[in-house]
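S.K.: Okay, here's the structure, questions in a sec.
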Amino acid sequence: MTKDALCAILREQYALHPRECERAALGVGSQTWFADCAEGRMVVKFPDADAISHPEQEAALCEHLLAQGIPASRFVRSCDGTVLCVGADGRKFHVQRFETGRSYAYHTAPEWLLDASAAMLGRIHQALRDYPELPVGIGADFFRYMTPDSARSSYERSLFMARKQGDAILAAELEYRIALMQRMPPFSMDLTRLSCLNTHGDYCINQLICGEGRINAVIDWTAACVHPAVWEIIRSYVYAAPECAAGRIDPVGLRRYVDVYMACAPLTAEDQTAMMPLFFYQLAVCDYYGQYYASQASNRDIFLHQARFSTALLRHMEACGETLTHALVK
């Protein structure tokens, strides 16, 4: 997509009057543009065409959330009333109103934002309880295919690439992961006993547009799905909290985050007990190093950060898992 082509789409299909269009630097699969129009600032997003992206459901979901008081994305309909359109290249896209505010980088959340993030996630889960069930994200099928054996094979391929490119530090981290897979038993947790809910799917600090002491909007609902609630909770905490920057989880900080969430939405004792082992297993069997080596994107270092950070978390949870789980169980 070129700037001129995008401006033409906005004029012809949306009756908008763009003055300037600029492509966002972030995103390794999706393509996002900012368009300054006479009618206001817009966001044009071409979602990634993968199994976890469901752009066809996003607008209706956000309309439901907005009606429930959740500050979700606001979509703009085309002249013929369509929300999800198709460009000349066959790629789907939609237009949203730009949400004013700032987004915080990983591990930079001030205390008010940690509390607001936990509360907002609880409110989202409550607002989506009566919504039709979304596609399953982390469920039984995920763990049926993401096994220690399949992960080890993937890590061995990534280790070959790391050694070939002289990435000694990454090679050592992959060797640790391969050894971890050799001693890790297959997944045996009964997910039907956990609170598996409609959720954002990628709820993270960089999806929160913030004002002065408040969250103005929660954006990017393309991956909305059914996840175990506790997975979305702990993942959002570890990517937001400054104390987690080095890959160490503070049990006091995590307990506070969970308590703030639980003031808005319930969790069972079994949910809380499962939080740490579920998150550990998911991190352990996902090869972000492989994504890094396979990507041709200019900003593929996003995958590298995720890979190295998750390995640091795994080492920490292996050493302190019982203490962390004990802190979560009331």
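The values are calculated or read from the model by the stated rules, or taken from the named source; none is laboratory data. Everything numeric here is computed off the predicted structure, so don't read it as measured data. Cβ coordinates were reconstructed from backbone atoms using ideal geometry, including for glycine residues, and neighbour counts include every protein chain displayed.
S.K.: Any idea which of A72, A105, A109, A60 is under 23 Å from the mean Cα position of the chain (by Cα), of a type outside the set (K, R), surrounded by fewer than 18 Cβ atoms within 10 Å (Cβ to Cβ) and in a loop (DSSP other than H, G, I, E, B)?
M.R.: A105
S.K.: Please enumerate the residues belonging to the range 49-63 that are touching a residue at least 60 places away in the same chain (Cβ under 8 Å) and out of contact with any strand residue (DSSP E or B) (no Cβ under 6 Å at 6 or more places or on another chain).
M.R.: I52, S53, H54, Q57, E58, L61, C62
Let's see how each residue does on (1) outside the structural domain of L159 (by TED's automatic domain parsing); (2) modelled with pLDDT under 95; (3) in contact with a Pro (Cβ under 8 Å, 6 or more places away or on another chain); (4) in a helix (DSSP H, G or I):
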{"position": "L278", "(1), (2), (3), (4)": "no, no, yes, yes"}
{"position": "L283", "(1), (2), (3), (4)": "no, no, no, yes"}
{"position": "Q291", "(1), (2), (3), (4)": "no, yes, no, yes"}
{"position": "Q296", "(1), (2), (3), (4)": "no, yes, no, no"}
{"position": "F303", "(1), (2), (3), (4)": "no, yes, no, yes"}
{"position": "A312", "(1), (2), (3), (4)": "no, no, no, yes"}
{"position": "E318", "(1), (2), (3), (4)": "no, yes, no, yes"}
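S.K.: Sticking with this one: Just to be sure, is M1 part of a strand (DSSP E or B), more than 13 Å from D220 (Cα to Cα) and in contact with a strand residue (DSSP E or B) (Cβ under 8 Å, 6 or more places away or on another chain)?
M.R.: no
S.K.: Hey, another quick one. Counting just the residues of the range 160-186 that are touching a residue at least 40 places away in the same chain (Cβ under 8 Å) and surrounded by 19 or more Cβ atoms within 10 Å (Cβ to Cβ), which one comes out farthest from D271 (Cα to Cα)?
M.R.: Only one residue tops the list, namely A162.
S.K.: For the range 171-196, give me the residue count where each residue is in a helix (DSSP H, G or I) and within 23 Å of R308 (Cα to Cα).
M.R.: 13
This table checks each residue for (1) farther than 17 Å from H200 by Cβ; (2) hydrophobic (A, V, I, L, M, F, W, C); (3) touching a strand residue (DSSP E or B) at 6+ places or on another chain (Cβ under 7 Å).
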{"site": "K45", "(1), (2), (3)": "no, no, yes"}
{"site": "L65", "(1), (2), (3)": "no, yes, no"}
{"site": "Q68", "(1), (2), (3)": "no, no, no"}
{"site": "F75", "(1), (2), (3)": "no, yes, yes"}
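S.K.: Still on this structure: With the checklist (1) surrounded by 14 or more Cβ atoms within 10 Å (Cβ to Cβ); (2) out of contact with any strand residue (DSSP E or B) (no Cβ under 8 Å at 6 or more places or on another chain) in hand, flag the one item P132 doesn't pass.
M.R.: Here P132 meets the rest and fails (1).
S.K.: Name the single residue that is farthest from the chain's Cα centre (by Cα) among those in the range 197-210 being part of a loop (DSSP other than H, G, I, E, B) and closer than 13 Å to M120 by Cβ.
M.R.: H200
S.K.: Conditions first: (1) β-branched (V, I, T); (2) touching a residue at least 40 places away in the same chain (Cβ under 8 Å); (3) in a strand (DSSP E or B). I9 passes all but one, so which condition is the exception?
M.R.: Checking I9 against (1) β-branched (V, I, T); (2) touching a residue at least 40 places away in the same chain (Cβ under 8 Å); (3) in a strand (DSSP E or B), the one that fails is (3).
S.K.: Sticking with this one: When you check S53 against the structure, is it in a helix (DSSP H, G or I) and either of a type outside the set (A, V, I, L, M, F, W, C) or in contact with a Cys (Cβ under 9 Å, 6 or more places away or on another chain) (or both), yes or no?
M.R.: Spelling it out, it is not the case that S53 is in a helix (DSSP H, G or I) and either of a type outside the set (A, V, I, L, M, F, W, C) or in contact with a Cys (Cβ under 9 Å, 6 or more places away or on another chain) (or both).
S.K.: Further, regarding this structure: Counting only residues that are assigned to a loop (DSSP other than H, G, I, E, B) and closer than 18 Å to E318 by Cα, which one in the range 231-276 is modelled with the lowest pLDDT?
M.R.: For the range 231-276, the residue satisfying everything is D250.
S.K.: So if I check each of A240, A223, A229, A274, which one is buried (at least 22 other Cβ atoms within 10 Å of the Cβ), in contact with a Pro (Cβ under 8 Å, 6 or more places away or on another chain) and not β-branched (V, I, T)?
M.R.: A274
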